[in-house]
């Protein structure tokens, strides 16, 4: 079964703290893609990162970093020195292939991040 | 990056009426568009996959006669909620995939909030 688990429903931090959002996935595919999206209160999904299953290099983009560990099927997301503008719901997603062609995007249940002053 | 728009952004309607939501890819041609539904504080659930010029593929449990999808051109897909009921109130999000850029590419619209009274 293809599944994405975000065990943290809600996280509250104080501004400037570092915070890690967990994502664990399940898939039978050997080739797949993992994503993180940000959904601010306005509702629009903002693409953050895409990682394919063959690329286990960790990535850093400004205050954001991602740790992809295939051995534990995890793709965790860390925000360094969090800011109030980081407050949003963050979704982890898995793109996997359908038998017979095509693919699907399965989302986790999201983690609500609240950054307070 | 690629832009996808949705119209309207918010709609309130009476029970029993039909509501049409448009999804447009503004700067690319989308051979495939996806329709998602998101209940408050929940994840995005794929409703259907819409391919230009052919019938949409609906996910299990989604009534195709209730949620009519038309993908008449490479830049426009419409979702019509027929005979809407209060339980159809939700946040509907579309995404579009360009023919180039890889199968993992999907650009999301800003969403449409539907409230059925």
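The values are calculated or read from the model by the stated rules, or taken from the named source; none is laboratory data. Everything quoted here is computed from the prediction, not taken from an experiment. Because the Cβ atoms are built from the backbone with ideal geometry, glycine has one as well, and the counts that use them run over all protein chains shown.
This table checks each residue for (1) surrounded by fewer than 16 Cβ atoms within 10 Å (Cβ to Cβ); (2) modelled with pLDDT of 90 or more; (3) farther than 21 Å from residue B:99 by Cβ; (4) in contact with a helix residue (DSSP H, G or I) (Cβ under 9 Å, 6 or more places away or on another chain).
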residue: B:2; (1), (2), (3), (4): no, no, no, no
residue: B:8; (1), (2), (3), (4): yes, yes, yes, no
residue: B:11; (1), (2), (3), (4): no, yes, yes, no
residue: B:14; (1), (2), (3), (4): yes, yes, yes, no
residue: B:21; (1), (2), (3), (4): no, yes, yes, no
residue: B:24; (1), (2), (3), (4): no, yes, no, no
residue: B:27; (1), (2), (3), (4): yes, no, no, no
residue: B:34; (1), (2), (3), (4): no, yes, no, no
residue: B:39; (1), (2), (3), (4): yes, no, yes, no
For residue A:24, only one of the following conditions fails: (1) buried (at least 18 other Cβ atoms within 10 Å of the Cβ); (2) within 20 Å of residue B:41 (Cα to Cα); (3) touching a helix residue (DSSP H, G or I) at 6+ places or on another chain (Cβ under 8 Å). What is its number?
(1)
Strands (runs of 3 or more DSSP E) wholly inside region B:4-107 that include at least 3 residues being away from chain A (no Cβ under 13 Å):
B:10-13, B:19-25, B:67-73, B:76-81
Given A:51, A:95, A:63, which one is free of Cβ contacts under 8 Å to residues at least 40 places away in the same chain and within 11 Å of chain B (Cβ to nearest Cβ)?
A:51
Where a residue in region A:2-16 is without any contact (Cβ under 8 Å) to a residue 40 or more places away in the chain and its partner, wherever it lies, is assigned to a strand (DSSP E or B), with Cβ under 9 Å and at least six apart
A:7/A:24; A:7/A:111
Could you go through region A:28-46 and let me know if any residue there is under 11 Å from the mean Cα position of the chain (by Cα) and not in a strand (DSSP E or B).
no
Considering only region A:52-117, give the strands (runs of 3 or more DSSP E) lying wholly within it that have at least 2 residues that are surrounded by fewer than 19 Cβ atoms within 10 Å (Cβ to Cβ) and modelled with pLDDT of 90 or more.
A:64-69, A:74-79, A:111-116
Pairs needed: first member in region B:74-89, at pLDDT below 95; second member anywhere, part of a loop (DSSP other than H, G, I, E, B); C-beta distance under 7 Å; at least 6 residues apart or different chains.
B:74/B:29; B:74/B:30; B:74/B:31; B:74/B:52; B:75/B:29; B:75/B:30
Evaluation of residue A:42 against (1) surrounded by fewer than 16 Cβ atoms within 10 Å (Cβ to Cβ); (2) farther than 28 Å from residue A:15 by Cβ; (3) within 11 Å of chain B (Cβ to nearest Cβ) (one fails), failing number
(2)
